[in-house]
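Engineer: After the structure tokens below, expect a handful of questions from me.
Read-outs throughout are calculated quantities, based only on the coordinates presented, and are distinct from any laboratory measurement. If you're wondering where the values come from, they're calculated on a predicted model, not measured in any experiment. Using ideal geometry, Cβ is built from the backbone for each residue, glycine included, and neighbour counts are taken over all protein chains shown.
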Amino acid sequence: MSFLRKLKEKVTKPKASISLNLSKNTFTLGEDLEGTLLVASKEEFDSIGIRVEFLCVEKKKKREYGWNEQTQRGEWKEFWDTATLYSMDVKVFGELHLTTGYEKEFPFRTNIPAGGRESYYSVDGSVTWSIKGVLAIKGRLDINSETLEIQVIKPPETPTIIKEIVREVVMIPCAYCGKLMPQTSTSCPYCGAPRRT
């Protein structure tokens, strides 16, 4: 009986839940993403950790020319090429013993890389950012929250500020022609005479 119970535990998740809440749904590149994970349990068990899995995936539609064995001719085939641009597991909490009726909120924070790609969708491709919470359990199936997709945009461009420096120039009369010239001049710009000291 004990063997069957252990086998059943390995293939079933504990009676617990984890839910993910974010401070907002749209973030800019380089910004901190903040949220909370709410963990609730209806069973006693040990968790080996709570984490957030943060992911950015790019999909591109591609075409490839190849031989089709059924039609015995060459033809174009379309397929989706998928690449993971960013993947980060953020440790929220370490080992934890959960009891029946346990409920606690865990805050977390992670950074969206400034050099990342903003979200976009088109007919031929997409870049998506997603996040989910995971309650990891040793020897049993992990419990996952709902996967949320977030919108990541470029930060607004900061306007270039041109600072104008105004300097006061003291003017003195030329000893020869009498016209005003800057005090810093070594000769008069009008008559060319050297400045008297």
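Engineer: Per Stokes-Einstein, at 25 °C and 0.890 mPa s, what whole-number D in µm² s⁻¹ belongs to the chain, with the Kirkwood radius over Cα pairs as the hydrodynamic radius?
Structural biologist: Working: Rh = 23.2 Å.
Stokes-Einstein gives a translational diffusion coefficient of 106 µm²/s.
Engineer: Per-residue HN-Hα couplings for segment 128-144, Karplus 6.51 cos²θ - 1.76 cosθ + 1.60 at θ = phi - 60°, whole Hz, x for Gly and Pro?
Structural biologist: Here the 3J(HN,Hα) series is 10, 10, 9, 8, 8, x, 10, 9, 7, 10, 6, x, 9, 5, 6, 9, 10 Hz.
Engineer: Could you work out the local net charge near Phe79, counting Lys and Arg as +1, Asp and Glu as -1, over the other residues with Cβ closer than 11 Å to its Cβ? The partial results should precede the final answer.
Structural biologist: Details: positive: Lys59, Lys60, Lys61, Lys62, Arg63, Lys77; negative: Glu64, Glu78, Asp81.
Counting the neighbours of Phe79, the net charge comes to +3.
Engineer: Can you run phi through the Karplus equation (6.51, -1.76, 1.60; θ = phi - 60°) for segment 95-109 and list ³J(HN,Hα) in whole Hz, with x for Gly and Pro?
Structural biologist: 4, 8, 9, 9, 10, 4, x, 5, 8, 8, 9, 10, x, 8, 8
Engineer: Now, a different point. Using 0.36 nm per residue of separation minus the Cα-Cα distance, give me the extension gain between Arg109 and Thr160 in nm, one decimal. Let's see the in-between values first.
Structural biologist: On the way: separation 51, 0.36 × 51 = 18.36 nm, distance 3.10 nm.
Length gained between Arg109 and Thr160: 15.3 nm.
Engineer: Right, next: If you count the DSSP beta bridges with both ends in the chain, what percent of them are antiparallel, to the nearest 5? Don't skip to the answer; put the middle values down first.
Structural biologist: On the way: 61 of 64 bridges.
So the antiparallel bridges in the chain amount to around 95 percent.
Engineer: Related question: For the chain, just give the cysteines left without a disulfide-compatible partner, judged by no other Cys Cβ under 4.7 Å.
Structural biologist: So, Cys56.
Engineer: Moving on. Helix 2-11 sits at what angle to the longest principal axis of the chain, using alpha carbons and giving 0 to 90 degrees rounded to 10?
Structural biologist: 30 degrees
Engineer: Using 0.36 nm per residue, how much length does the chain from Tyr102 to Gln151 gain when fully extended, once their Cα-Cα distance is taken away? Please report the intermediate quantities before stating the final value.
Structural biologist: Numbers: separation 49, 0.36 × 49 = 17.64 nm, distance 3.26 nm.
Using 0.36 nm per residue and subtracting the Cα-Cα distance, I get 14.4 nm.
Engineer: Another question about this same structure. Please sort by residue number the GluC sites (Glu not before Pro) in segment 27-72 whose DSSP state is loop and whose Cβ has at most 16 other Cβ atoms within 10 Å.
Structural biologist: Details: sites: Glu31, Glu34, Glu43, Glu44, Glu53, Glu58, Glu64, Glu69; in loops: Glu31, Glu43, Glu44, Glu69.
Taking segment 27-72 and a limit of 16 other Cβ atoms within 10 Å, the loop GluC sites (Glu not before Pro) found are Glu31, Glu43, Glu44, Glu69.
Engineer: Mean residue ellipticity at 222 nm from the helices of the chain, using -39,500 (n - 2.57) per DSSP H segment of n ≥ 4 over the full residue count, to the nearest 500 deg cm²/dmol?
Structural biologist: My calculation for the chain gives -1500 deg cm²/dmol from helical runs alone.
Engineer: Cross-link list Lys24/Lys59; Lys61/Lys132; Lys24/Lys62; Lys59/Lys154; Lys132/Lys154: which exceed 30 angstrom alpha carbon to alpha carbon? Present the calculation step by step, with values, prior to reporting the outcome.
Structural biologist: Numbers: Lys24/Lys59 25 Å; Lys61/Lys132 26 Å; Lys24/Lys62 34 Å; Lys59/Lys154 19 Å; Lys132/Lys154 23 Å.
With Cα atoms farther than 30 Å apart: Lys24/Lys62.
Engineer: Same structure, new question: Could you pull out the longest piece of the chain with no exposed loop trypsin sites (Lys or Arg not before Pro) in it, calling a site exposed if DSSP puts it outside H, G, I, E, B and it has at most 11 other Cβ atoms within 10 Å? Walk me through the numbers before you get to the answer.
Structural biologist: Working: sites that count: Lys24, Lys138, Lys163, Arg167, Arg196.
Longest site-free region, per DSSP loop and neighbour criteria: 25-137.
Engineer: Let me ask something else about it. When we measure straight from the Cα of Lys42, which aspartates and glutamates land under 17 angstrom away, once same-chain ones fewer than 8 places off are left out?
Structural biologist: Answer for Lys42, where 17 Å is the Cα cut-off: Glu9, Glu103, Glu105, Asp142, listed by chain and number.
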